[in-house]
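Taking it in order: structure first as structure tokens, then the write-up.
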Ligand SMILES: [Zn+2]
């Protein structure tokens, strides 16, 4: 209420201030729109004015037009919707950008002839590439290769007219399919033993089929030359273009290698940084017990690249640090740290008998006595810890470390974040709010699908299954939720994710099998949209300058082709961004 009152005072004062001050005209004035400000009162106004990269007015048309001068660009929105630019609180933009420049199966449900057609297209596109040049094909939606259950072997690739080594990598990162030439170069034969944590599949004759799982993939990937510096720069540019098209005006690189910070900084120097770029370098679990050297490396990275105070022109920050508490709860990995054991089928496929004998996953990657002092060291240096925790056991450890931090240093304004939170014990829901811990959620996982929670009903059991992906429960408990796409683990599709966050429904094209919503409460449209604007702005310490459309904040805004706040929420998935503005500059336009 108080905020609404202040806002209305602002509406009255702004034109008066403009008249009293020297007449400096706005650069751009939008009128006749449905402008969703996402301010504290979720006000919708018709007009907005921008000067020097900042919003100088929101309110009615007359008030905005009073700020227009001879050189002002006037945009008549004709009723179209404008809202704050999207802020993606967890993604991997360098890998995402490299993926955009690679041969890709694009996460699609494909038959083997379709896969062959796409790979052949990439080979043809490569022209006269040397015989020894690796072709890496990415984003294979392995579980949905059509028809479901079809065998995928090296024969699929050996049928193609090339001598080049080829590997196809699954989108979820656990499997690689290789052709015979790639197996030969890697020296993988029927006699090669499985590496620790990996598996080489064999046929009835004991020969490798070409399919390699988990750590075995490294036998191949280590032979592929890493991207060059120029590749990384091209990837950063491609990632930024893809973000601008989606309406993303700020992001966190949630596991930033130094080359990512370097690449985006180079693009920034060229004047091409079209989103506010935040980076969270990783501290590896092995460095947890004696972290000083790893921390010093991150401090050096911050010194070299962090641009300090934010300005309308997008810049770079290095003030988050990534820590992995566990892996993923999904099959077949089961690397999420759980409080109770995974269930295993002790019966048969026809007569299943699920028993809680699967263990609770790996040991936490950072044990509590290691994590607590590490989090406090990072906080003392001004870093916000960004902790990957997928299982409820890992989440609890991350919350405990946050509690220890608050107890030891209640005066520090640290903003710990826990990414993913796919399974959270109900006893922990209220702790996020109480401890000021931000859950960074990937809404697009909150649906029935083979690659997200497929099979979870069985291996989690009914109780845990009923409360998987707890965005609704966390919101009810007052947690300050933010959104992160985790791109390129999934395609960069923020609008599909928002739709799933509200409906907990997969796309109709996913098929009958996945046509029902995931159990548990979803979010309202407003809650989901706030998570990807004001919520993520708070996570990234941008709430004073971004996340909502208010006078004084940066002009980071998007124009979209529909009113996502009204009508069937399933239609949010089809939203098209018509224009993206960052710091008052148009960085994407649909026409
Ligand atoms: Zn991630």
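Bear in mind that the values in this text are calculations on the coordinates, not laboratory data. None of the values given here were measured: they were computed from a predicted structure. As a convention, Cβ positions derive from the backbone with ideal geometry for all residues, glycine included, and neighbour counts pool all protein chains shown.
Going by neighbour counts of Cβ atoms within 10 Å, the residues 334, 366 line up, fewest first, as 334, 366.
Against the chain, whose longest principal axis is taken from its Cα atoms, helix 229-246 shows a tilt of about 60°. Taken over the stretch 279-347, the convex hull of the Cα atoms encloses 146 Å³ per residue.
If you average the alpha carbon positions of the stretch 60-99 and of the stretch 428-504, how far apart do those two centres end up, in angstrom? Cα centroid of the stretch 60-99 versus Cα centroid of the stretch 428-504: 28 Å apart.
The alpha-carbon positions of the chain define a convex hull whose volume is 169 Å³ per residue.
If you average the sequence gap of Cα pairs under 8 Å that are 6 or more apart and divide by the length of the stretch 357-413, what percent do you get for the contact order? Dividing the mean separation by the residue count of the stretch 357-413 yields 40 percent. Only Cα pairs under 8 Å and at least 6 apart count here; give the relative contact order of the stretch 188-289 as a rounded whole percent. This gives 21 percent for the stretch 188-289. By the count of neighbouring beta-carbon atoms within 10 Å, fewest first, 471, 171, 102, 221 end up ordered 221, 102, 171, 471. For 140, 412, 134, 495, the sequence from fewest to most other C-beta atoms within 10 Å is 412, 134, 495, 140. Quick one: pull the percentage of alpha-carbon pairs in the stretch 241-370 with a separation above 26 Å. That tail contains 45 percent of the Cα-Cα pairs. Computed from Cα positions, the angle between helix 392-408 and the longest principal axis of the chain comes to roughly 50 degrees.
Using a cutoff of 8 angstrom between alpha carbon atoms and counting only pairs six or more residues apart, the relative contact order for the chain works out to 16 percent.
The per residue volume of the convex hull around the alpha-carbon atoms of the stretch 182-245 is 117 Å³.
Here the stretch 143-159 is scanned for amide nitrogen atoms under 18 Å from the site 7 Å beyond the Cα of residue 207 along Cα-to-Cβ, giving 151-159.
With the helix formula -39500 (n - 2.57) applied to DSSP H stretches of n ≥ 4, the chain reaches a computed 222 nm mean residue ellipticity of -8500 deg cm²/dmol.
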